[in-house]
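Working notes for the structure below.
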Amino acid sequence: MTSNGAQPNSLDDQPQDQPITTLLAVGTKKGLWLGTSIDRSNFTFTGPHFLMQEIPSIGIDTRGGKTRIMVGLRSEHWGPTVAHSDDFGATWQEPDHGAITFPADTAAALERVWQIQPDSADQPGVVWAGCEPISVWKSTDGGEHFELNRGLWDHPHRPEWGAGFGGAAAHTVLPSANDPGTIHVAMSTGGVYRSTDDGETWEARNKGITAYFMPDPLPEFGQCVHKIARDPNSSGTLYAQNHHGVYRTDDNADTWNSIADGLPTDFGFTILTHPSRSGTAWVVPIKADGERIPPEGQMAVHRTDDGGATWKRLADGLMEPDYNVVLRDAAAVDNAEPAGIYFGTRGGSVYASANEGEHFVEVLTHLPDVLCVRAAAVEL
C-alpha cells in the first residue's frame, strides 16, 4: 500500500545519496500498519498485521543499531500480550505463556497493554510497560518477558485509583536518560507518580493539577492526567495534558503550573515534546469532555516554542471540517531534524508533517479507529 502526499517535504540537511528512512507504525482497533519513507510524506505501507486485533500500544527500539518493533495486542479470543518483530513485520514472535502475566498472589489478570517504552541507550534491553489494571512492568530482555513492579502495585493508594473513560490505565512510563533511577508514571485515574530509586518506591506528584470533578479539586492524587512528556534536555521539566488543563513542571513534578493560556481549550488527550530542543511541545485541543470534537469542528495542532508562554495554531493540510479526535497515544514525534509530527484520528486518517507541524499530508485514510502512532529513523 503506497500513499502519496500532495506536498512532499525533504530533510533540509540530508544529502540525496544518504536518505534517512522513517518507520511509521499505526495501531488501530483492527490491526497494525507499518510504513517507511525517505521524505516523511510519501510512505509505503504493509498491513494489516494482526487483523481484527486491537493494537493500543507500540514501541520502536533502535538501540544498538538494530530495530525491534514491539506491539501490545488485545485479541477478543486469545486476550492481551506483547509481540515483537526484528524484521520490520515480516515475522512476529511472542512467548508461549504471555509476555506479561500477573503473579498468582495478585489475583489479577492482564486486560490491556497501554504503553511500551524502551529505556535510554545506556540501559540496553530494558523496556517498560504500562498496563490495565493499573500496573507498571519492566523487561530486561528487550520486551520479551516482563516483571511486575511491586513498588507501584503494592502502593497504599492503589485501591483508590479509578478508571478513566477508556479503562484503568497506566498509560505513560517515562524513564529519565539524564537522571538515572528517576521514572515518572501517569495514570487515569490517579495522576502522576514519581520514583527516584528505579521503581522501588513511588510518590504522588500532582500539586497544581486540578480534578474539578472531585470534592477537593486539588487532591494529592486522583487526577485524570491524560498524557505526560519529558523535556529532552532537563529531566526536571515535564509537560502534562490533563482532563481539562495543560501544565508544565520545572522541579521534577513537585509542582505543576498552567500553560493553557493562548489555547482555544485546555482539554485534549495527547502531548508531545521535541526530541532535542527544549521548550517545544505540541497538543491537539478538543472542545471539552462533554463535546469531544475539535473546536468548531476544525482539526488543528498547537505548538509552543517557549515552554507554553505562547502557542501557534497549525492546520495547513488538515481536512476541514473534521469532528474526530486524536487519542492519547495516537500521536508521535520522530527523532529527525526538523522534527516530524504524526497523528491519527478516530475517523481513520493518519497525517504526517516533516517540518514540525507547519504542513501536514494525509498518508493513510479510512482505517479503523487509530489508537497508537509511533515513528523513528531506522536502518533498513
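What follows is calculated from the coordinates using simple rules that are stated; it is not laboratory data. The shown structure was predicted, so the numbers you read here are calculated from the model rather than taken from an experiment. All Cβ positions, glycine included, derive from the backbone under ideal geometry; neighbour counts span all protein chains shown.
Across region 31-40, coupling constants 3J(HN,Hα) worked out from phi with the 6.51/-1.76/1.60 Karplus curve, θ = phi - 60°, read x, 10, 10, 10, x, 10, 7, 9, 10, 6 Hz, and Gly and Pro carry x. When restricted to Cα atoms, region 254-349 yields an Rg and a Dmax of 13.1, 40 Å, respectively.
Neighbours of MET299 by Cβ distance under 12 Å: Lys/Arg scored +1, Asp/Glu scored -1, total -2. Note on the chain: with charges restricted to the Cβ of Lys and Arg (+1) and Asp and Glu (-1), its dipole about the Cα centre is near 620 debye.
Label-to-label distance for THR255 and GLN93 is 5.0 nm, based on points extended 7 Å past Cα in the beta-carbon direction. Considered as an equivalent ellipsoid built on the Cα gyration tensor, region 148-284 has semi-axes of 21, 20, 12 Å, the largest given first. Roughly speaking, what is the centre-to-centre gap between region 42-107 and region 139-214 when only Cα atoms are used, to the nearest Å? Here the two parts' Cα centres lie 22 Å apart.
For the pair region 319-362 / region 299-315, the C-alpha centres are spaced 14 Å from each other. Computed across the chain, the Kirkwood radius stands at 20.6 Å (inverse of mean 1/r, all Cα pairs). Seen from VAL361, the other residues with C-beta closer than 12 Å to its C-beta sum to a net charge of -3, counting Lys and Arg as +1 and Asp and Glu as -1.
A simple count of charges around PRO285, restricted to other residues whose Cβ falls under 10 Å of its Cβ and scoring Lys, Arg +1 and Asp, Glu -1, yields +1. Residues in region 177-193 carry Karplus couplings, in order, of 6, 8, 9, x, x, 8, 9, 10, 10, 10, 9, 10, 10, x, x, 9, 10 Hz; the curve used is 6.51 cos²θ - 1.76 cosθ + 1.60 with θ = phi - 60°, and Gly or Pro positions show x.
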